[in-house]
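Engineer: Okay, here's the structure, questions in a sec.
The values are calculated or read from the model by the stated rules, or taken from the named source; none is laboratory data. Everything numeric here is computed off the predicted structure, so don't read it as measured data. Cβ atoms come from the backbone with ideal geometry, glycine included; neighbour counts cover every protein chain shown.
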Amino acid sequence: MRPGTARDAVERFCAIFGAAAGDIALVHAARGGVLIAGGLSAALTPFLKESAFRARFEGKGRLAHFVRQIPTHLITHPDAALLGCARLVKGL
């Protein structure tokens, strides 16, 4: 791959995204899992699965064993936010 290509930028983004998501999961002790949502995440689904996202998510040195047990889930439904709001309103 040539440096500076669009694919290189997406792969770099996925790696940084994974590192940041792992940091947040660690700070919040998200043992139940991390949900990733949003239009950009859904559009990057094939890249996220093949990228360094998960390796960087788990790459937390001495705490890697803790983070490795935290599952990550990608929400791809286009109306996830509206469905969640509807469910909340229904329960009131």
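Engineer: Could you give every pair whose Cβ atoms fall below 6 Å, whose first residue belongs to segment 70-92 and is at pLDDT below 90, and whose second residue is part of a helix (DSSP H, G or I) and of a type in the set (A, V, I, L, M), counting only separations of at least 6 or pairs across chains?
Structural biologist: As it stands, the answer is T76/A42, since those pairs meet every condition given.
Engineer: Now for a different question. Please work out which residue is nearest to L83 (Cα to Cα), limiting yourself to segment 8-22 and to residues that are without any contact (Cβ under 8 Å) to a residue 24 or more places away in the chain and of a type outside the set (A, V, I, L, M, F, W, C).
Structural biologist: R12
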